[in-house]
Each structure stands twice: as C-alpha cells, then as structure tokens.
Amino acid sequence: MLHPAPGERDLATLLDIAGVAVEPGSRVLEIGCGVGRLTRGLAAKAGEVIALDVSAEMLARARDHNEELDNVTWLLGDGSTLAGVETRASTRAFPTWCSSTSPIRR
C-alpha cells in the first residue's frame, strides 16, 4: 500500500483544520511556499497554483525539486502586498507557516 508523502499528509491536515477543500480546476495562491512541500499537493488538486515566497533561495530550491509541476507559477514577493499577483474572484489564498527562519510576531 502506498502512503502519501509527508507534504501531502500535512496539506490534508491543514485543509481539514481550515475546513476548506481545493476544487479541481481552482486557482490557489500559496503564501509562504518555501521549498514547495505543500505546493506539490496543491498542484495535484488545483488547476493553477501561484506559489509565493519572500526568499529567492527557497524559490530556486522549490523550482529544482518540483520541475514537473507545469501548473505552478513560482513568484518572489511578500504575503502582505501580494505585488505581482493578479487577483481574481476565483483565487483562493492559502497561507502556510512552515519556516523555522521566519520571525514570530506577537
């Protein structure tokens, strides 16, 4: 029996906690994609994924690790302004928090 990859399990858990589903053909904005662990699962479910990260190095790694994902646009930017992201009413934002280098703000 094949088991889902850790990123896919984590994505399923996060979607369950949030009470949302990614519909086939949907457009998803992943804020804080890192190296693309969750992006892979999102790309399998959605029609299009915009994977945004503040780190050019992380995006380079994500591209290298996920070359086969042809429905993902890797975008350098921040999750506050969303500069460079074309928004549509059909876009679902999916912020992720998986980085140990990100500052914790209280």
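Numbers for the structure displayed
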| read-out | value |
| --- | --- |
| Residue list for the stretch 1-27, filter: without any contact (Cβ under 8 Å) to a residue 12 or more places away in the chain, in a helix (DSSP H, G or I) and not charged (D, E, K, R) | THR13, LEU15, ILE17, ALA18 |
| Yes/no for ASP64 being of a type in the set (Asp, Glu) and at pLDDT 95 or above | yes |
| Selection within the stretch 9-32 - of a type in the set (D, E, K, R), crowded, with 16+ Cβ neighbours inside 10 Å and more than 13 Å from ILE50 (Cα to Cα) | ASP10 |
| Answer from GLU67, GLU30 - the residue that is in contact (Cβ under 8 Å) with a residue 12 or more places away in the chain and not in a helix (DSSP H, G or I) | GLU30 |
| The stretch 21-58, residues that are closer than 17 Å to ASN71 by Cβ and among the hydroxyl-bearing types (Ser, Thr, Tyr) | SER26, THR39 |
| Subset of the stretch 33-45 that is touching a residue at least 40 places away in the same chain (Cβ under 8 Å) and part of a loop (DSSP other than H, G, I, E, B) - its residue that is nearest to THR81 (Cα to Cα) | CYS33 |
| Within the stretch 73-106, considering residues that are part of a loop (DSSP other than H, G, I, E, B) and of a type in the set (Lys, Arg), the one modelled with the highest pLDDT | ARG88 |
| Given (1) in contact with a helix residue (DSSP H, G or I) (Cβ under 7 Å, 6 or more places away or on another chain); (2) modelled with pLDDT of 90 or more; (3) surrounded by fewer than 12 Cβ atoms within 10 Å (Cβ to Cβ), index of the condition ASP70 fails | (1) |
| Of the criteria (1) among the hydrophobic types (A, V, I, L, M, F, W, C); (2) at pLDDT below 95; (3) more than 11 Å from the chain's Cα centre (by Cα), which one ALA56 fails | (2) |
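The values are calculated or read from the model by the stated rules, or taken from the named source; none is laboratory data. Bear in mind the structure is a predicted one, so any value in this text is a computation, not a measurement. Note: ideal-geometry Cβ built from the backbone for every residue, glycine included; neighbour counts use all protein chains shown.
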